[in-house]
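Beneath this line is the structure, given in structure tokens, with notes to follow.
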Amino acid sequence: MYKNIHGSCAGTFFLVLWRYMTSEERKAGRRLRRIAKRQKKNDTFLKKYNDFNLIADVDNLYHAFKMSRRGVSWKESVQRYENDVLKNIIDTKEKLLNGESVQRGFVEFNIHERGKVRHIRSIHISERIVQKCLCDEVLVPIITRSLIYDNGASVKGKGISFAMNRLRCHLSRFYRETHSNKGYALVIDFSKYFDNILHEKLFEMQKNNLTDERIFNLYKSFITVFGDGISLGLGSQVSQISAISYPNKLDHYCKEVLRIKYYGRYMDDTYLIHSDKNYLEYCLSEIKRICDELGIKLNPKKTRIVPLDEGFWFLKGKYILLESGKIICKPARDGALRMRRKLKKFLKMVEEGTMSLLDVYTSYQSFRSHLMQFDSYHIIHNMDKYYAKLFVFNYALLYDEPKHSHKNSILGDVKYGRVKYSRRTVKKLPLLSGLEL
């Protein structure tokens, strides 16, 4: 009875107080309560993942090992680690709990990708496991929570296909909103993005998220090895997730302050779509200001404003919005040219016995599947005929396969231009290397 009376008196007191407050004071009070509620929710979330035991847990480390060995289980270093995996994981756990370093240096090499030389610093399997565990158990849940939806790089459930579909969606929505293709796209490209990321800025961003001191120090140790206060390395998962979140301030500024509805970013490639060219020029000046604060440099050759009806490049595809509202996406021409050169080299390797036809088929099918995301019917058709000429027709003659004229034969596929092979069809092909499919 006393509690009910006390509660009713307190309620009456606050009701009277509420009546004598101005509207501005009421708004301020509601705002403070919302901030306190959000802060409490954020603290509860961070407390869940800021636990060093999640990284030093044997089960999590073993799961990270199984994920890290995917695609590289043929390597000698991975096989040696797997031979005594339980002991190695326990040793890693002890090092983490004792504060010892788990780093073992880099294996450095260069790769040539589309005319660019990229320097790769690969890490040892034992260190990769710790990075995998750190990212999956701590960094990814915390960092991805603050990313915008249209940030599509290296996040589970997203990727290149996601970014391309979102761009098509934005173009379609722009046409439905304006009933015209008279608009512009501001295309932005960061120059040497990984090389210009500042460590101090990155640590300031993550300091509030990584409240556990041991986790924060472990994260810093994986970043500082790449340079003296600047740059991240290719080949590290910690670098990858850090690079995704580094321009997060820019993403939110474009979405929430500049009010750009049709905005998307894939790592260092960004686009903004708007009907007013002058406003996009203003947006570019604001973006340059924020990039200067972050130390990011824009590529002057690839950063420009392009009319939508003329088309613009994004992720190796040229997107054109027609007057009817149809969206055309053309692939880069040099992709098919490079694949033709690859197939010629593959043919020599097959003849030498260093490569099987199944490996050739897998490589070509990967290229073909990516090409199918574009409007590239004729390119695919011509590439299929070229592939069949090299690896189907030639080897059918070489092994004296009967020349069937019916439509279901391999040579019939070549003759009629139908070369969409399934795995069952590939099994019909003889292998020079003698390996079974």
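With Cα atoms defining each centre, region 82-149 and region 247-295 are spaced 32 Å apart in the structure. By the rule of a C-alpha distance below 29 Å, with chain neighbours fewer than 8 residues away ignored, the lysines paired with LYS389 are LYS316, LYS330, LYS342, LYS344, LYS345, LYS348, LYS403, LYS407, LYS415, LYS420, LYS427, LYS428. Show which aspartates and glutamates lie in cross-link reach of LYS301 when reach means a straight Cα distance below 15 angstrom and same-chain residues fewer than eight apart are skipped. Reachable aspartates and glutamates: ASP189, ASP268, ASP269.
Label-to-label distance for LYS344 and SER369 is 2.8 nm, based on points extended 7 Å past Cα in the beta-carbon direction. Take 64-75, 218-229 and order them by the average number of nearby Cβ atoms within 10 Å per residue, most first; the result is 218-229, 64-75.
Computed from the C-beta positions of VAL257 and ARG70 and an R0 of 41 Å, the FRET efficiency is 0.50 to the nearest 0.05. Using 0.36 nm per residue and subtracting the Cα-Cα separation, the extra length available between ASP228 and HIS63 on full extension is 56.1 nm.
Distance cut-off 24 Å, Cα to Cα: go down the list LYS116/LYS318; LYS261/LYS302; LYS48/LYS261 and report the pairs above it. Could the numbers behind the result be given before it?
Values: LYS116/LYS318 20 Å; LYS261/LYS302 22 Å; LYS48/LYS261 33 Å.
Listed pairs above 24 Å: LYS48/LYS261.
Within straight-line reach of LYS47, meaning a Cα separation under 12 Å, sit the following aspartates and glutamates at least 8 residues removed in sequence or on another chain: ASP212. Shown is the FRET efficiency for SER180 and LYS277, computed with R0 = 22 Å from the Cβ-Cβ distance and rounded to the nearest 0.05: 0.95.
Once the Cα-Cα distance is subtracted from the 0.36 nm per residue extended length, the GLN103 to ARG333 segment shows a gain of 78.6 nm.
With each label modelled as a point 7 angstrom along the Cα→C-beta vector, the GLU94-TYR149 pair spans 5.0 nm.
All of the numbers you see were taken from the coordinates with simple rules; none came from a lab. Every value quoted in this text rests on a predicted model; they were computed, and no experiment measured them. Every residue, glycine among them, receives a Cβ derived from its backbone with ideal geometry; neighbour counts consider all protein chains shown.
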